[in-house]
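Step one of this worksheet: look at the structure below.
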Amino acid sequence: TTPKTTFKRVLLKISGEALMGPQGYGLHPPTVMRIAREVQSVQALGVEVCMVIGGGNIFRGLQGSAQGMERTTADYMGMLATVMNALAMQSALEELNVFTRVISAIRMDEVAEPYIRRRAVRHLEKKRVCIFAAGTGNPYFTTDTAATLRANEMNCEAIFKGTKVDGVYDKDPMKHDDAVRYDTVSYDDCLAKRLGVMDASAIALARDNNLPIIVFSLDEPGGFRGILAGEGTYTRVQ
Ligand code: UDP
């Protein structure tokens, strides 16, 4: 029997680095497929799923500009990197017979649909996974902000931020054995204590629209589905 879920529509945000697997760079197809299966299992619950994938596994604007490149140009390169990741995820999901649309904030009609809000909502209603690519389409932003923006526009009930750890800790759990995980934490504490959930503009945008952020481990098999079915450990930023 399919467990009941309290969510009807969610947005999954993952970093580009989540797709590079054991490599230090780029795309690792088995890892992309593993995450696609996690998404498939949630979609199978009847939940409508949006996705935003970062681009840090390929290119980050700040790194480019630190090496002398013009910042906005470097940021556009970062946005293009997110399109590559989105296409890789689309390909993996389609292999699993999950219908998807890649929707780009920068027009490239041969490759992806342009972003038209009502059209994206319709795709979700038809149970297609919408992968929002090219961030917000603007330099000086991040895909965390893009995720928060799209989640608001699509009326998602929460953002699911998949990370390497199972929530938000008072200090880095990779470095400190005595780090303590929060069950819930306020947006303002995230900002004031710089807890590193998402960048400040993304957290503020979530706060101002009462959009909860669920931070969970993407490395836990079945973790995403588990949380939607009411199980597992995670931190809820609210
Ligand atoms: N980016 C941007 N505007 C956006 C989203 C992303 O300019 O709305 C650029 C920015 O240069 C960023 C890069 O795309 O460094 C990759 O995105 P991000 O760093 O958020 O990826 P992640 O860290 O999640 O992999």
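Overview of values
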read-out: Rg to Rh, two decimals, where the range 9-237 supplies the alpha carbon set and Rh follows Kirkwood; value: 0.94
read-out: Alpha carbon convex hull of the range 81-196, volume per residue in cubic angstrom; value: 147 Å³
read-out: Per-residue ³J(HN,Hα) for the range 48-65, Karplus 6.51 cos²θ - 1.76 cosθ + 1.60, θ = phi - 60°, Hz, x for Gly and Pro; value: 7, 10, 10, 9, 10, 10, x, x, x, 6, 10, 7, 10, x, 5, 5, x, 6
read-out: Long-range HN-HN contacts of residue 160 with modeled amide H, under 5 Å; value: 11, 12, 13, 214
read-out: Residue-wise HN-Hα coupling along the range 108-122, computed from phi with Karplus coefficients 6.51, -1.76, 1.60 (Hz; x: Gly, Pro); value: 7, 4, 6, 10, 8, 6, x, 7, 10, 3, 4, 5, 5, 4, 4
read-out: DSSP-defined antiparallel bridges as percent of all bridges, the chain, nearest 5; value: 15 percent
read-out: Karplus 3J(HN,Hα) series, Hz, for the range 84-97 with 6.51 cos²θ - 1.76 cosθ + 1.60 (x for Gly, Pro); value: 4, 5, 5, 5, 4, 5, 4, 4, 5, 5, 5, 4, 8, 6
read-out: Normalised contact order of the range 9-237, rounded percent, pairs of Cα under 8 Å and 6 or more residues apart; value: 21 percent
read-out: Point-to-point label distance, residue 121-residue 62, nm (Cα→Cβ direction, 7 Å offset); value: 3.5 nm
read-out: Once exposed loop trypsin sites (Lys or Arg not before Pro) are cut out (DSSP; at most 14 other Cβ, 10 Å), longest piece of the chain; value: 9-106
read-out: Pairwise label distance in nanometres, residue 179 with residue 208, each label 7 Å out on the Cα-Cβ vector; value: 3.0 nm
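Computed from the coordinates by the stated procedures, all read-outs in this text should not be read as laboratory data. What you see is a predicted model, and the numbers here were worked out from it, not measured in a lab. Virtual Cβ from ideal backbone geometry, glycine too; neighbours counted across all protein chains shown.
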